[in-house]
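Reading through the structure tokens given below for one structure.
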Amino acid sequence: MDKDVVLHAEAIDKIYPGTKALDNVSYDVIKGKVNVLIGENGAGKSTLMKIIAGIEQPSSGKLYMGDEEISFKNTTEARARGIGIIHQELSLFPNLTVYQNIFMGRECTKGFKIDNKTHIAETKRVLAKLEHIINPNTLVGELRVGQQQMIEIARNFLQDDLKILIMDEPTSSLSQNEVKVLFKLMREFTDAGIAIVYISHRLEEIMEIGDNVTILRDGKYVASGEVKDISVPWIVKQMVGSEKSYPKRERGIDWDKQETVLEVKDLTLPKSGGGYLLNKVNFDLKKGEILGIYGLMGAGRTEVFECLMGLRPEHTGTIIKNGKELQIKNINTQIANGFAMVPEDRQSEGLVQTLSIGKNISLSSIDKYTKFGFLDKKAENNAVDQEIKDIMIKVADKNLPILSLSGGNQQKVVIAKGVLTNPEILLLDEPSRGIDIGAKTEVFDIINQYAALGLSIIVISSELKEIVSIADRVIVLSNGIKTGEFNHEEIKEDELVLSSYKGHNAVEKEEVEEMR
């Protein structure tokens with residue numbers, strides 16, 4: 001075996017009920033390189049990584065480190081051989097502190113006692129290295145998704161004997177500056193001889209940080225190459241069999257003449273300890289319009305949705321729907337008022353992992369199929385089957401567990417759950433987070449189709465190309481303030497970015513100018 005190959009997977013198969021996730025896949029992890037692994041959702045990337053990290057065992061095939069055949073029953077055995085993994089879906093304990101999460105399973109002791117003093121000091125050190133200062137005693141459940149992602153990353157940066165670090169969508173919730181810091185540390189790791197396996201659906205990132213690329217499709221090996229020898233169109237073609245791009249919105253409608261469905265006036269959300277998460281934000285939404293909300297992490301984007309869905313009863317301001325002012329009490333009243341929301345974190349907020357695919361789809365609209373306390377299973381099943389067909393969810397059996405689906409299909413389930421409530425206004429928070437280019441195209445096709453049917457949609461997206469392609473109009477938030485509004489042909493990437501930095505310090509503005 002080549003001395004630069006730190007791990008070799010030979011002819012790996014993985015079979016689940018109803019599907020073959022990996023089919024005779026062989027794969028080399030090269031020492032001191034960023035080994036990019038990509039493919040559409042359901043291609044088998046995460047499954048292969050779970051096998052290497054000891055989370056899953058292969059149905060057949062072998063793993064080698066050097067000339068030694070290895071196998072791992074669990075992550076502890078894999079970690080003992082120098083293999084760490086940063087999961088796409090967060091595996092943190094929200095009821096524990098930052099330092100407790102970072103040292104979970106690797107606690108330091110002094111005598112017979114846990115050495116929390118060392119835990120706190122080391123937590124501060126590793127977070128400082130990540131340029132992400134968070135109080136070690138903060139409960140993880142109080143952090144935003146992007147901050148939690150940094151905690152997930154920090155856990156793996158403490159392993160002294162690291163040989164392979166698997167990073168599954170590590171930047172999906174990070175800001176641009178946080179990504180830069182992460183990439184800098186990744187290069188420090190590879191310079192030290194550590195191999196990184198990097199999974200991402202952000203193709204520009206792959207070209208920036210990757211050394212080599214391996215592509216899977218439908219559980220099979222498709223192609224590989226050195227990053228210096230390939231291009232983004234080549235990657236997309238290998239992944240999906242053709243060159244795909246986001247569907248462009250037709251912008252011939254004069255939205256000023258369309259019926260106004262929603263008016264938001266002086267939306268304000270106070271921050272505990274003083275200040276505002278949202279400060280007098282105003283916007284409206286037309287029937288059949290796709291309104292984009294863009295901004296940096298902490299700009300207040302998700303907070304707008306939380307106010308509209310009744311999750312922030314402390315907000316002030318006026319919300320008017322179809323000419324009538326709403327008294328927002330809770331989620332149930334907002335669903336009844338014709339709102340539905342697809343949250344950013346589908347695992348913890350959008351899905352119930354112990355339920356089947358079908359039950360997850362019907363969960364928010366179960367009252368529609370209940371009469372006198374009895375569930376009309378036939379009506380429920382018919383509605384679920386129709387949603388699976390309409391949204392093109394790739395599923396062998398709707399009674400299978402929700403976690404048997406790929407990330408892209410799980411996202412479609414969350415969208416189906418919202419649509420099944422028959423909303424007039426659909427709120428989509430990062431609808432393409434953690435899904436591949438093919439699934440993104442399908443999701444945005446679905447959004448376009450529902451808008452064409454008259455559904456009014458608000459989309460939050462951190463990806464500029466997405467929001468430029470999908471939105472009829474975009475509002476920009478910065479530090480809780482609306483700093484820009486762009487219509488039709490005015491929607492341009494550089495203008496959105498500049499507007500999102502208003503209110504930030506001069507250094508950040510300078511970075512944006514350099515980016516332009």
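The values are calculated or read from the model by the stated rules, or taken from the named source; none is laboratory data. Quick caveat, the model's predicted, so the values are computed rather than measured. Don't worry about glycine lacking a Cβ; one is built from the backbone with ideal geometry, like all the others, and counts go over all protein chains shown. SASA here: full protein model, heavy atoms, side chains in, ligands and nucleic acids out. Shrake-Rupley method; radii C 1.70, N 1.55, O 1.52, S 1.80 Å.
Within region 338-345, one or more residues are at pLDDT below 90, closer than 30 Å to PHE93 by Cβ and out of contact with any strand residue (DSSP E or B) (no Cβ under 6 Å at 6 or more places or on another chain). All conditions in (1) of a type in the set (Phe, Trp, Tyr); (2) open to solvent by 60 Å² or more (accessible area, probe 1.4 Å); (3) modelled with pLDDT of 90 or more hold for PHE112, with the sole exception of (3).
So in region 133-148, with the set limited to residues that are open to solvent by less than 10 Å² (accessible area, probe 1.4 Å) and under 16 Å from ASN95 (Cα atoms), which one is modelled with the highest pLDDT? Please lay out each step first, then the result.
Going residue by residue through region 133-148, those that are open to solvent by less than 10 Å² (accessible area, probe 1.4 Å) are 136, 140, 146.
Filter once more, so that each one left must be under 16 Å from ASN95 (Cα atoms): 136, 140.
Numbers: PRO136: 92, VAL140: 89.
Here the residue is PRO136.
Restricted to region 11-105, the set of helices (runs of 4 or more DSSP H) holding at least 3 residues that are open to solvent by less than 50 Å² (accessible area, probe 1.4 Å) and touching a residue at least 24 places away in the same chain (Cβ under 8 Å) comprises 45-52, 98-102. Residues in region 412-460 that are crowded, with 24+ Cβ neighbours inside 10 Å, touching a Pro at 6+ places or on another chain (Cβ under 8 Å) and not in a helix (DSSP H, G or I): ASP429, VAL459. Restricting attention to region 370-405, the residues that are free of Cβ contacts under 8 Å to residues at least 40 places away in the same chain, under 30 Å from LYS20 (Cβ atoms) and not in a helix (DSSP H, G or I) add up to 2.
For every residue, the table says whether it meets (1) modelled with pLDDT of 90 or more; (2) touching a Gly at 6+ places or on another chain (Cβ under 7 Å); (3) more than 17 Å from GLY84 (Cβ to Cβ).
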site: ASP168; (1), (2), (3): no, no, no
site: SER173; (1), (2), (3): no, yes, yes
site: ASN177; (1), (2), (3): no, no, yes
site: LEU182; (1), (2), (3): no, no, no
site: LEU185; (1), (2), (3): no, no, no
site: ASP191; (1), (2), (3): yes, no, yes
site: VAL197; (1), (2), (3): yes, no, no
site: LEU203; (1), (2), (3): no, no, yes
site: ILE206; (1), (2), (3): no, no, yes
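Residue-level check: of (1) open to solvent by 20 Å² or more (accessible area, probe 1.4 Å); (2) part of a loop (DSSP other than H, G, I, E, B); (3) free of Cβ contacts under 8 Å to residues at least 24 places away in the same chain, LYS117 misses just (2).
Say whether the condition of being more than 26 Å from the chain's Cα centre (by Cα) and at pLDDT below 95 is met by at least one residue in region 33-42.
Among the residues of region 33-42, not one is more than 26 Å from the chain's Cα centre (by Cα) and at pLDDT below 95, which makes the answer no.
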